[in-house]
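Colleague: Let me begin by handing over the structure; questions about it come next.
No lab work stands behind these numbers, since they all come straight from the coordinates. Treat the numbers as computed from the prediction; the structure is a model and nothing was measured. Because the Cβ atoms are built from the backbone with ideal geometry, glycine has one as well, and the counts that use them run over all protein chains shown.
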Amino acid sequence: MSNLLNFKTILAAASLVAILTGAATAQSAANNQLQSSSAKHHFSAGEVSAILAEFAITSALAPYDGNGSATLLAQTSGDANFVVSLFGCENPADGSRCVGAVIYTATSNAGIAYDDINRFNASTNVTIAVNVAEQNIILFGRQLFFAGGVGRDNFKYITALFLRDMQNFMDARVAAGTSVSLQAAPATKGKTDNLAGAGDTITFVAKSISIGDVHALSAAIANTWQVSFDPPSTLTDE
């Protein structure tokens, strides 16, 4: 199973938790925002890159590694790193005519308690956070399916909410005096241990999932507390 599909499985499982904590209401509202007759059933890597550029976010298509998805590596003007993986593409090598996307990033889980993740998932706009204890990171993601039609403005709105969620998390860590750098010591035993396993396999709600996304690890290393996910406010408050 590919790493993207593995992460999609994690998000699907974590979404069940979010539904129980009330985040589903915000996500449903976001999905219903800004729909129009211009709704699209496919997006290409170029189109997504153009949307990100409107947030002053630079992005580049990573070399195709044969896993069936196209990967855009993105960086905000505040040096925060995240990834947009496009799946079901007509041509994954160039990211053309894709049927869905996963927007995700990661930080270190150092000093982050399980309750911190629960509070984030209970108050988030669209993002799900999942601890990956074996890698000492927390994955944050949002999945989008284009089947049935998704407007370009809707895609942009969801992206803005994802960025806001991430900035809220970073601000909370700074306020708590907690560094999210991977250079900090890993979380002590008993913290963020909702995921547990051996080797490269972890268990999340009784599902066995393999984790090994180099892009997630790279993002976690880059996303220290000094970075900013906030896009220009004039674009997110449309």
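Colleague: Using the 10 angstrom Cβ neighbour count as an exposure proxy, how do Val214, Val174, Val48 rank, fewest first?
Modeller: On the way: Val214 10, Val174 13, Val48 25.
Starting with the residue having the fewest Cβ neighbours, the order is Val214, Val174, Val48.
Colleague: So what is the relative contact order for the range 32-162, in percent, with contacts set as C-alpha pairs under 8 Å and at least six apart? The partial results should precede the final answer.
Modeller: Working: 252 pairs, mean separation 34.2, N = 131.
This gives 26 percent for the range 32-162.
Colleague: So what J values fall out for the range 64-76 if you push phi through Karplus, 6.51 cos²θ - 1.76 cosθ + 1.60 with θ = phi - 60°, rounded to Hz, Gly and Pro as x?
Modeller: So the Karplus estimates, Gly and Pro as x, are 5, 10, x, 8, x, 10, 9, 10, 9, 9, 10, 9, 6 Hz.
Colleague: With 10 angstrom as the radius, rank Thr71, Thr159, Thr224 by how many other C-beta atoms surround their C-beta, starting from the fewest. Walk me through the intermediate numbers first.
Modeller: Values: Thr71 23, Thr159 27, Thr224 19.
Least crowded to most crowded, the residues run Thr224, Thr71, Thr159.
Colleague: Now a separate question. Grab the beta carbon distance between Tyr64 and Glu134, set R0 = 35 Å, and tell me the FRET efficiency rounded to 0.05.
Modeller: Calculated value: 0.85.
Colleague: Shifting gears a bit: Round to the nearest 0.05 the FRET efficiency obtained for Arg97 and Ala122 when R0 = 35 Å and r is the Cβ-Cβ distance.
Modeller: On the way: r = 36 Å, r/R0 = 1.04.
The formula returns an efficiency of 0.45 here.
Colleague: What's the center-to-center distance, using Cα atoms, between the range 77-100 and the range 104-148 in Å?
Modeller: Between the Cα centres of the range 77-100 and the range 104-148 lies a distance of 19 Å.
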